[in-house]
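The values are calculated or read from the model by the stated rules, or taken from the named source; none is laboratory data. Please read these numbers as outputs of a predicted model, since none were measured by experiment. Cβ sites come from the backbone with ideal geometry, for glycine too, and all protein chains shown count toward neighbours.
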Amino acid sequence: MAAVAFYLVSAVAIACAALVIFQPNVVYSALFLIGTLLALAGLFLLLNAQFIAIVHIIVYVGAIMVLFLFVIMLLDLGRDPAGTEQLPYQRGLGIGLGVLFLAELALMVSFGGGLAGAPEGPLPAAFGYTEVLGRMLFTTYLFPFEATSILLFVAAIGAVVLGKRRG
Amino acid sequence: MDTAFPLFLMLLFAGGLAGAMLAMGEFIGPKRLTSIKLEPFECGSTPIGPGRQRFNVKFYLVAMLFIIFDVEVVFLYPWAVIFRDLGVFGLVEMACFIFILAAALVYVWKRGALEWE
Amino acid sequence: MNVAAINISLGGIGPLLILSATALVVLAIDCFWPSERRSHLAYVTVAGCLVALGATWRLWGAQEAVFGRMIIVDNYSTFFTGIFIVGTTITTLLSIGYTSRMGIDRAEYYALLLFATVGMIMMAQGLNLITIFLGLETLSISLYILAGIQRQRAASIEASLKYFLLGAFSSAFFLYGVALTYGATGSLDLEHITRAVGETTFASKPLLLIGVGLMLIGFGFKVATVPFHVWTPDVYEGAPTSVTAFMSVGAKAAGFGAFVRVFSISLQPLSPDWTHLLWLLAVATMVVGNVMAIAQTNIKRLLAYSSIAHAGYVVVAMVAASALGTSSVLFYLLVYTFMNLGAFGVVLVLGRQDEEVLAIDDFAGLGRRAPALAAAMALFMFALAGIPPTAGFVGKFYIFSAAVQGGFVGLAVIGVLASLVSVYYYFRVVVVMYFMEPAGEIPLAPRSAPATVALVIAAAATLALGLFPSPFITAASRSLVAVLF
């Protein structure tokens with residue numbers, strides 16, 4: 001059951017990701033990216049990471065995709081759907097290297113590279129619940145949590161410095 | 001997984017229902033297309049120009065700032081779930097976090113990035 | 001809920017806290033009491049840096065993993081923290097005068113310098129890949145903004161955009177590498193990774209190797225090693241010179257701070273696998289950096305390729321994979337901070353209003369026009385080339401002897417040959433300054449006392465570290481005494 005769901009959701013994610021690239025219209029690409037992100041949220045759910053799944057939807061689909069669309073509208077990319085290729089060899093090179101990396105990954109994993117540290121037996125009852133995550137976040141991961149606020153501050157400065165007309 | 005299963009069912013059901021409704025409209029509904037009906041609909045007024053307009057960069061600034069504070073709120077949720085357990089310690093650490101982001105808000109405000117010029 | 005178990009130590013992250021607080025104060029002063037001239041913000045920044053340096057000094061000798069093992073306070077991280085803060089202090093002093101000439105004299109400029117330094121410290125103190133990644137991002141995002149802070153100049157914006165796009169890409173590689181490493185070892189804690197890798201029945205090595213390779217790309221980009229260096233000349237040229245100076249020393253030192261801790265220390269059991277890769281990286285970096293530098297006519301591009309070449313020398317020391325090699329990394333980065341900031345500092349004080357003297361040929365006649373400045377530039381060029389008695393010589397000597405002791409004689413020979421090539425282009429600057437007839441008057445910026453102080457500090461340190469290196473070499477090697485967790 002879980003395996004069926006996993007393959008289904010993964011297939012949706014990969015198909016949407018491919019469509020993002022092959023779609024000539026940028027706005028449609030953005031819509032397919034939403035599909036990919038929703039499918040990824042499904043994968044998180046399958047991993048028992050409910051909180052992450054919902055946050056993923058709220059932040060990525062809700063906020064970051066809106067930003068993507070703003071950028072598309074800002075740059076006015078829709079006018080020239082074909083686009084101009086600056087580097088003619090880029091496409092072939094990119095596909096070649098991507099396939100090479102995938103093959104490498106597949107080969108090395110098939111060589112006996114299992115995942116280490118995967119817990120044996122059934123998961124603890126509350127695994128992946130928001131309470132458990134919160135407890136980790138606010139004790140062990142206290143420092144990264146506070147450091148995130150600095151990172152967000154820097155991002156806010158960046159938005160103002162680079163995005164605002166000098167007043 | 002077990003807890004998510006009903007959610008999956010619900011998603012499946014909702015998606016199926018929406019799809020079925022659209023399909024039913026497509027197949028059963030009568031189609032009498034006229035040139036007026038095929039025009040893009042723009043709140044009843046006559047369409048002027050293409051839908052793609054170049055956005056002002058000001059929207060982008062607002063969207064950027066929205067994301068930054070959106071991410072902040074995301075961190076508040078797990079804290080709100082367990083803040084009784086965390087006690088004063090949790091209060092202090094969240095206060096530090098909020099303080100820095102409040103400073104960011106004051107900064108953004110003072111710089112006039114929230115004004116619509 | 002055991003709060004005591006995570007070992008909260010505000011003292012351990014003292015430098016980090018002081019610098020963050022200073023950045024907030026700088027922004028607050030400018031928001032609430034704005035004024036036309038903003039040099040006082042630079043002085044606040046310098047004061048914060050000095051207090052932080054004091055706090056760093058007090059951490060020397062401490063050896064403790066704090067904050068739930070996210071942060072490690074040891075001599076290694078303390079040494080690096082010292083390098084970062086010294087670099088930021090000198091950069092800030094050099095910026096006074098330059099920033100107002102260039103129209104980038106804003107509170108954000110100083111705040112971002114401080115936040116970038118906070119990111120660097122997180123990278124050096126990180127005992128967990130999460131902390132290292134957060135530090136990397138804090139540093140990188142600050143630098144993207146700083147590169148583009150001169151918004152009226154298209155080249156600055158272009159530099160920012162190029163740096164951002166490639167930097168975001170390399171961050172993605174790094175993060176993917178972290179994820180695969182987590183999958184292979186079951187932990188993000190560097191010590192647990194070491195333990196997992198060291199186990200004889202370690203089954204997920206292929207996965208780990210891919211993860212390590214991807215992390216190598218991320219670090220390789222940050223410290224500008226060939227073939228991940230293509231962004232360097234364009235970004236260094238386009239960014240405001242003071243920002244270039246800052247990122248050429250700070251980002252590089254921070255990149256190596258995390259790079260060496262993750263590879264040479266945490267992934268030490270895996271060194272047979274990555275040594276050959278780093279060997280190649282070192283050779284390519286030294287050769288490409290030095291050869292490309294020869295053809296440059298712009299001083300900022302010349303220094304960009306020279307900074308690539310210097311990253312190559314540091315990777316040589318990493319290949320040696322010994323205590324001597326690692327301590328020579330620390331010493332070299334300290335030396336490099338002074339000599340490279342000095343070289344950029346001389347470039348900074350030339351020029352009139354928002355014009356800069358960047359073509360090397362325009363340095364002609366500087367020897368007569370400004371003897372002290374030319375002498376300082378000559379000193380920094382000699383140091384970068386590795387001529388005794390400057391600190392550059394000691395640093396290189398130390399690195400190449402580590403390579404020889406580690407059995408990498410061929411690598412050391414290539415390194416020495418590459419630095420011989422570098423002598424050519426460093427000396428050309430000196431020759432131009434002293435022996436070429438000037439085409440016109442070289443514009444000198446109005447003398448800025450803080451910038452002069454910064455140049456004097458850099459020059460004095462470059463000489464002092466060359467003449468009396470032993471206390472610093474001792475400190476560098478003592479940084480490693482207890483570094484193995």
| Is it true that C:ALA364 is more than 27 Å from C:ALA412 (Cβ to Cβ), surrounded by fewer than 24 Cβ atoms within 10 Å (Cβ to Cβ) and out of contact with any Pro (no Cβ under 8 Å at 6 or more places or on another chain)? | no
| query | What is the residue count in the stretch C:152-182 for residues that are within 12 Å of chain A (Cβ to nearest Cβ) and closer than 13 Å to C:ASP234 by Cβ? | reply | 5
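Name the residue, out of C:ALA293, C:ALA343, that is over 16 Å from the mean Cα position of the chain (by Cα), closer than 30 Å to C:ALA445 by Cβ and assigned to a helix (DSSP H, G or I). Give the derivation first.
Details: C:ALA343 fails: over 16 Å from the mean Cα position of the chain (by Cα).
Answer to the selection: C:ALA293.
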| remark: Looking across the stretch C:357-384 at residues that are part of a helix (DSSP H, G or I) and among the small types (Gly, Ala, Ser), the single one that is farthest from C:MET102 (Cα to Cα) is C:ALA383
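When only residues in the stretch C:453-485 that are among the hydroxyl-bearing types (Ser, Thr, Tyr) and touching a helix residue (DSSP H, G or I) at 6+ places or on another chain (Cβ under 8 Å) count, which is farthest from C:SER100 (Cα to Cα)? Break it down stepwise before answering.
Of the stretch C:453-485, the ones among the hydroxyl-bearing types (Ser, Thr, Tyr) are C:462, C:470, C:474, C:477, C:479.
From what's left, touching a helix residue (DSSP H, G or I) at 6+ places or on another chain (Cβ under 8 Å): C:462, C:477, C:479.
Values: C:THR462: 28, C:SER477: 41, C:SER479: 39 Å.
By that ranking, first place goes to C:SER477.
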| message | If a residue counts only when it is surrounded by fewer than 22 Cβ atoms within 10 Å (Cβ to Cβ) and at pLDDT 90 or above, which helices (runs of 4 or more DSSP H) contained entirely in the stretch C:192-276 have at least 2 such residues? | response | C:205-222, C:231-238
| request: May I ask you to list the residues in the stretch C:12-37 that are among the polar types (S, T, N, Q), more than 11 Å from chain B (Cβ to nearest Cβ) and crowded, with 22+ Cβ neighbours inside 10 Å? | output: C:THR22
| note | Scanning the stretch C:101-118 residue by residue, those in a helix (DSSP H, G or I) and within 8 Å of chain A (Cβ to nearest Cβ) turn out to be C:GLU108, C:ALA111, C:LEU112, C:PHE115, C:VAL118
| query | Of the conditions (1) farther than 25 Å from A:LEU105 by Cβ; (2) touching a Ser or Thr at 6+ places or on another chain (Cβ under 6 Å), C:LEU281 fails just one. Which one is it? | reply | (1)
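Rundown of residues vs (1) more than 12 Å from chain A (Cβ to nearest Cβ); (2) at pLDDT below 95, yes/no style:
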{"position": "C:TRP60", "(1), (2)": "yes, yes"}
{"position": "C:GLY82", "(1), (2)": "yes, no"}
{"position": "C:THR99", "(1), (2)": "yes, yes"}
{"position": "C:THR138", "(1), (2)": "no, no"}
{"position": "C:ALA147", "(1), (2)": "no, no"}
{"position": "C:GLN150", "(1), (2)": "no, yes"}
| request: Go through the stretch C:385-397 residue by residue and tally those that are more than 12 Å from C:VAL416 (Cα to Cα) and either at pLDDT 95 or above or assigned to a helix (DSSP H, G or I) (or both). | output: 4
